[in-house]
Every structure is written in structure tokens, then in C-alpha cells.
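Novice: Structure incoming, see below.
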Amino acid sequence: MTKQLLTLKDAYKDYFKVGVAVSPETLERDGELISKQFNSLTAENVMKPEEVQPEEGVFTFEKADKIVDFAKANDMTMRGHTLVWHNQTPEWVFKDGDKSASRDLALDRMKKHMDVVMNHFKTPFYAWDVINEVIADEGNDLLRESPWRSIIGDDYVQKAFEFARQANPDVALYYNDYNESHPAKRDKIFTMIKDMMDKGTPIDGVGLQAHWGLEDPSLDNIKAAIEKYASLGLTLQITEMDVSVFNFDDKRTDLTAPTAEMMEKQAERYDAFFSLFREYSEHIDSVTLWAASDRYNWLDDFPVRGRKNWPMLFDVNNQPKESFNRVVSYK
Ligand code: GLA
């Protein structure tokens, strides 16, 4: 491996934590790179509801515990992801026998899930995504349709934060979403959170997922989003960052390696994003990349199944890319 003088965590130690999403498998395969470069971990999947409580009252923490053990052994911190979501949540949560669960039953299950999960995972957690992605992408409705919403009603979002605070008063509670820098969605997220805060709901921060690309979103929009969320007086975290080499509508599948042009453009984008994060670092507590390297990342299957993407700071052999160099060698 090329000798690297600078690492992400060292380069940013005066600004914010630098995190990465992992699984027990990626820790086994890429653990060396991960422990060397990062000081915060997020479980990519294994702390989601279907993983930790597949059946009512049956909590399965083995895989998640491997990640926590790795974090502790390597002096890393963790952000928990995620307690309430419309995806990767088992069917039983919304059922009562053959019928739909009642509001009281769904609320009770939500609370119990948080009590057990947030008490099991305490150190070294500094934040939890209490609710993931409740805002509607389109239309005038603030909230998307989901079983949580149809069973409990719109106040399920507030209830989730209240239960989370009761379960663990010491950890920071986050609202997390994607397309967070697009003006229409940004304004909806802002409106929902402001409304919750006006009602006294306990919330500490906004998670900007930051699944970004070579063209979109614009730097101006990202800046405006950071300023708008920060104006609520909340802390921000960049929670799932990657920089796809394909625009969302680009369905091409002919590439077996990224073009030089793509890699240069990506390096320019990463450079600009991190310089923005430094500029706003008084509001930003951590920046998490959604994979360690191009060897494996979820964009290999989204939005085009089986199409390789190269969105991260390290390449398919875990070697630093130009994007990495620019991120660590700022002036
Ligand atoms: C969303 C979720 C993440 C993950 C990604 C895709 O952003 O918050 O947990 O599922 O999609 O990997």
C-alpha cells in the first residue's frame, strides 16, 4: 500500500468526525483501511428494525455487536441508524393477527423497540437516526404515505422523538433524509422540524444523507440547505455521503472502469464539498461516507442493478483516489 502521511480522521480532527458505513463483512475484508482512516462507524444495514427485531420480542444483536466491538477495539465512535423507517421494517410491526395494528399497539411497539435497542447500544454512540425519510418527495403533503403514518397519524414523528429521549437522554437525536439539498424538499424538512420544535419535541440534529453526484446538487443549494437547517439551532451531520459518477437519469452500462474525466470531476466535487463542510464546521459534527471504497457500495445496484459505480474516496483496490488527495490536502 502506498505510504499515506495523512488520513481522513487526522486531516479533519479539528473540524468533525469522519465516519463510514460498514457491515460485519466489510469490517472483515477492509478493516485495516477503515480503522486507519475513520473515527466513526454507522451500520449500513444491521441495526435497522428488520435486523434487530425480526419477530416481536426477539432481538438479534449478533451482527450489530460485531460492529460495536470493532469500534470499541479501535477507539471509534458510532452513529446509530435507524429506529423508525418505512423500509426494512418487518410486517408484524403493523399487524394484529390478520388485522391492522391499532394506534396504541403501534405506538407501544415503537416505544419498546427504542427502549431495548437504545439501551443495548450505548457506548460509543453519539447520535441516533430516530426517524429516517418521512418527507414526501412530491406533492403538497409534508409526510409520505407509510404504514406508520396511516396507523398512528401524523404525530408519529413527534412520538418517535419523545420515546427516543425517554429511552436514552444522553444521545443526540437526529432526523435523517435524502435530496435534503433540493429546495422544495429542504423547505418541507425545515417546516416539519420547525413545527415539531414549536411543539417542544426533543430533537438535536438534522442528518443530510448527501447521496450526491457530479452535477447535482449545486453547491449553492447545498450551502442554502446547511444554512437553513442550521438556522433552527440544531447540529448537522453529513450521514451517507457518496458522489455517483452517473447522473440519476443516466442509464448507461457500457463502462468497466471510470473515465479520467469522471475521476477529475469527482475530485473537484469532493474538494468543493469538503471545503464547504470546513467553512460550516461550527454546525457540522460528523461527515460519514456511505462505503469505505469503490470495492463495494450500494450504488453498484442503484438505480441500475449490477452496474458498477465508483463513488468513494478509495478505489476498487482500496487505494487512495485523486478525490481522497484533494480532501486531505486542503490549504
Ligand atoms: C437510504 C438509507 C440507508 C441505505 C441507503 C441505501 O439512504 O437511509 O440506510 O439503505 O438508502 O444504501
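The values are calculated or read from the model by the stated rules, or taken from the named source; none is laboratory data. Only a predicted model underlies this, so the values are computations on that prediction, with no experimental measurement involved. Reconstructed Cβ throughout: ideal geometry from the backbone, glycine too, with neighbour counts over all protein chains shown.
Novice: Any idea how many residues of region 18-71 are touching a helix residue (DSSP H, G or I) at 6+ places or on another chain (Cβ under 6 Å), not in a loop (DSSP other than H, G, I, E, B) and not hydrophobic (A, V, I, L, M, F, W, C)?
Specialist: Residues in region 18-71 being touching a helix residue (DSSP H, G or I) at 6+ places or on another chain (Cβ under 6 Å), not in a loop (DSSP other than H, G, I, E, B) and not hydrophobic (A, V, I, L, M, F, W, C): 4 in total.
Novice: Within region 88-100, count every residue that is within 19 Å of residue 154 (Cβ to Cβ) and within 16 Å of the ligand (Cβ to nearest atom). If you could, list the steps in order and put the result at the bottom.
Specialist: Taking region 88-100 as the starting set, the residues that turn out to be within 19 Å of residue 154 (Cβ to Cβ) are 89, 93-94, 100.
Keeping just the survivors that are within 16 Å of the ligand (Cβ to nearest atom) gives 89.
Looking only at that region, the number is 1.
Novice: Quick one: in region 261-273, of everything that is without any contact (Cβ under 8 Å) to a residue 60 or more places away in the chain and under 20 Å from residue 16 (Cα atoms), which residue is surrounded by the fewest Cβ atoms within 10 Å (Cβ to Cβ)?
Specialist: Per the stated criteria, the residue is 272.
Novice: Separate question: Quick one: residue 248 ticks every box in (1) hydrophobic (A, V, I, L, M, F, W, C); (2) within 16 Å of the ligand (Cβ to nearest atom); (3) under 14 Å from residue 175 (Cβ atoms) except a single one, so which number is it?
Specialist: Of everything listed in (1) hydrophobic (A, V, I, L, M, F, W, C); (2) within 16 Å of the ligand (Cβ to nearest atom); (3) under 14 Å from residue 175 (Cβ atoms), residue 248 misses just condition (3).
Novice: Going by the structure shown, is residue 301 of a type outside the set (Lys, Arg), more than 14 Å from residue 19 (Cα to Cα), out of contact with any Asp or Glu (no Cβ under 8 Å at 6 or more places or on another chain) and within 16 Å of the ligand (Cβ to nearest atom)?
Specialist: Taking the combined requirement at face value, the residue satisfies it.
Novice: Right, something else. Would you mind finding the one in 294, 254 that is without any contact (Cβ under 8 Å) to a residue 12 or more places away in the chain, charged (D, E, K, R), more than 30 Å from residue 200 (Cβ to Cβ) and more than 14 Å from the ligand (Cβ to nearest atom)?
Specialist: 254
Novice: If you scan region 311-331, which residues turn out to be polar (S, T, N, Q) and either within 21 Å of residue 207 (Cα to Cα) or buried (at least 20 other Cβ atoms within 10 Å of the Cβ) (or both)?
Specialist: 323
Novice: Something else about it: For residue 308, indicate whether it is basic (Lys, Arg), at pLDDT 95 or above, away from the ligand (no atom under 16 Å from the Cβ) and surrounded by 15 or more Cβ atoms within 10 Å (Cβ to Cβ).
Specialist: no
Novice: Looking at region 1-53, which of the residues that are within 16 Å of the ligand (Cβ to nearest atom) and among the aliphatic types (A, V, I, L, M) is nearest to residue 121 (Cα to Cα)?
Specialist: 47
Novice: Also, quick follow-up: Search region 1-26 for residues being aliphatic (A, V, I, L, M) and crowded, with 20+ Cβ neighbours inside 10 Å, and hand back the single one that is farthest from residue 131 (Cα to Cα). Even if it seems obvious, please write down each step before you answer.
Specialist: If we filter region 1-26 for residues that are aliphatic (A, V, I, L, M), which is where we start, we get 1, 5-6, 8, 11, 18, 20-22.
Narrowing the set further to residues that are crowded, with 20+ Cβ neighbours inside 10 Å leaves 8, 18, 20-22.
Details: 8: 28, 18: 22, 20: 20, 21: 18, 22: 20 Å.
Per the stated criteria, the residue is 8.
Novice: Could you check how many residues of region 233-249 are surrounded by 15 or more Cβ atoms within 10 Å (Cβ to Cβ) and either without any contact (Cβ under 8 Å) to a residue 12 or more places away in the chain or assigned to a loop (DSSP other than H, G, I, E, B) (or both)?
Specialist: Number satisfying all stated conditions: 3.
Novice: What about residue 82, is it part of a loop (DSSP other than H, G, I, E, B) and without any contact (Cβ under 8 Å) to a residue 12 or more places away in the chain?
Specialist: no
Novice: Would you mind stating whether residue 148 is of a type in the set (Phe, Trp, Tyr) and in contact with an Asp or Glu (Cβ under 9 Å, 6 or more places away or on another chain)?
Specialist: Values: of a type in the set (Phe, Trp, Tyr): yes; in contact with an Asp or Glu (Cβ under 9 Å, 6 or more places away or on another chain): no.
Criteria not met by residue 148.
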